[in-house]
Amino acid sequence: MNTESNNAPIPAYPLNQLHQVDALHLVSNLPDESLDMLLTDPPYSSGGLHVGARTKTTSKKYINSSTKAQYQDFISDNMDQRSWQFWCHAWLSQARRALKPGGIVVCCIDWRQLPALTDVVQAAGFTLQGVAVWDKTPGRYRPRRGGFAQQAEFIVWASKGALPQREVYLPGVFQARLEMPKQHLTEKPLDMARQIVRLVPPGGVVCDLFAGCGTFLLAAKEAGLPWVGSELDGHYHQLASKRLAAVKAPPAAELMAA
C-alpha cells in the first residue's frame, strides 16, 4: 500500500459512497485506470469581472437580492483566474491518471471561465471534444438590462485519448428547467445528468469530485452504474447522502460494486 510522507496509510475510497474529503485527495488516491467518466461541476470562482465581486460569498454572488430562499455558501470559489486554472490542472491531471483509456471528462462551467477551462483541460492531457449548452429556459435565468440574458451555462467534454465509438447520440443543447427552490446554489438538472451518463458503458464507473447535492451521482446510481464522489462541505455532504440513500440501485450495479 502507498503511504503519505508521514507514513500514514492512504485511505481507500470504496465505490458507491460519497466521501467527505477534499476533491484532490480523493482523485489522487483512486487507482490508475479505474474510472470511465469524471462528471463534475466544480466551483467556477466566477460571478464577477473584478476582484471585489469574485471575493464575495457565493450566496451574494449568485443570488439576486429579491430571492427569498436561503442557500448554504460553499468554498473554493474566490480564486482569481490564474489560481483557478492551476487548481483545476491539479485535479484534472490526477483524473487523467485515474481514467481508463478513452475515458471521458464532462465538466460544467459558465461563460466567464469557459475559455480558461477548455485551455486547462487540454493542458492536463485530454483531447477536447467540444462544448454543449445547458439552456436554463425562460424564467430561469438572470436578465441583463440593455443586453443579452444569462440564460445558458456550458458543458466542456474531453477524452483520454481516442473517443470510444458507442451508439449513443446526445443533443448539443439541453433545455432543462430547475424547480425552485433549488437544493444547491449551483444545482444542475437531474434530467440532463441522466442523459450524460448514457455515455458510460455498462458497468463503467462515474466519479464526481464536487458532488454538491449529489445530482450527478444520483443519475449514475439510477442507471445502475458504480459511482464514487467527494463533497467536503458537511451540509451538502449530508444532503447528497440522504438523496443517494433514498434511491435503490438496480441489483446488477450492487453486484458489480461488491
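The values are calculated or read from the model by the stated rules, or taken from the named source; none is laboratory data. Remember, it's a predicted structure, so these values are computed and weren't measured experimentally. Using ideal geometry, Cβ is built from the backbone for each residue, glycine included, and neighbour counts are taken over all protein chains shown.
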- prompt: If we keep just the residues of region 164-204 that are surrounded by fewer than 20 Cβ atoms within 10 Å (Cβ to Cβ) and of a type in the set (S, T, N, Q), which is nearest to residue 221 (Cα to Cα)?
  reply: 195
query: Scanning for something at pLDDT below 95, under 20 Å from the mean Cα position of the chain (by Cα) and surrounded by fewer than 18 Cβ atoms within 10 Å (Cβ to Cβ), does region 1-14 turn up at least one residue?
result: yes
Region 223-238, residues that are buried (at least 19 other Cβ atoms within 10 Å of the Cβ), at pLDDT below 95 and either touching a helix residue (DSSP H, G or I) at 6+ places or on another chain (Cβ under 6 Å) or outside any loop (DSSP other than H, G, I, E, B) (or both): 236
- prompt: Got a sec? Which of 170, 185, 128 is in contact with a Ser or Thr (Cβ under 9 Å, 6 or more places away or on another chain), on the phi < 0 side of the Ramachandran plot and part of a loop (DSSP other than H, G, I, E, B)?
  reply: 185
Exclusive hit being of a type in the set (D, E, K, R) and touching a residue at least 60 places away in the same chain (Cβ under 8 Å), set 248, 182: 182
message: If I ask for residues that are outside any strand (DSSP E or B), of a type in the set (Gly, Ala, Ser) and either in contact with a His (Cβ under 7 Å, 6 or more places away or on another chain) or modelled with pLDDT of 95 or more (or both), which ones from region 142-161 would you list?
response: 161
message: Here is a list: 150, 129. Which entry is closer than 30 Å to residue 82 by Cα and surrounded by 15 or more Cβ atoms within 10 Å (Cβ to Cβ)?
response: 129
query: residue 192 passes all but one of (1) touching a residue at least 12 places away in the same chain (Cβ under 8 Å); (2) part of a loop (DSSP other than H, G, I, E, B); which number fails?
result: (2)
- line: Considering residues that are among the small types (Gly, Ala, Ser), surrounded by fewer than 21 Cβ atoms within 10 Å (Cβ to Cβ), under 17 Å from the mean Cα position of the chain (by Cα) and under 18 Å from residue 164 (Cα atoms), the number found within region 91-126 is 0
task: Being within 25 Å of residue 125 (Cβ to Cβ), in a helix (DSSP H, G or I) and in contact with a Phe, Trp or Tyr (Cβ under 8 Å, 6 or more places away or on another chain) narrows it down to one of 211, 220, so name that one.
output: 220
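Yes/no matrix, rows are residues, columns are (1) closer than 15 Å to residue 106 by Cα; (2) within 14 Å of the chain's Cα centre (by Cα):
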| position | (1), (2) |
| --- | --- |
| 174 | yes, no |
| 196 | yes, yes |
| 200 | yes, no |
| 221 | no, no |
| 234 | no, no |
| 243 | no, no |
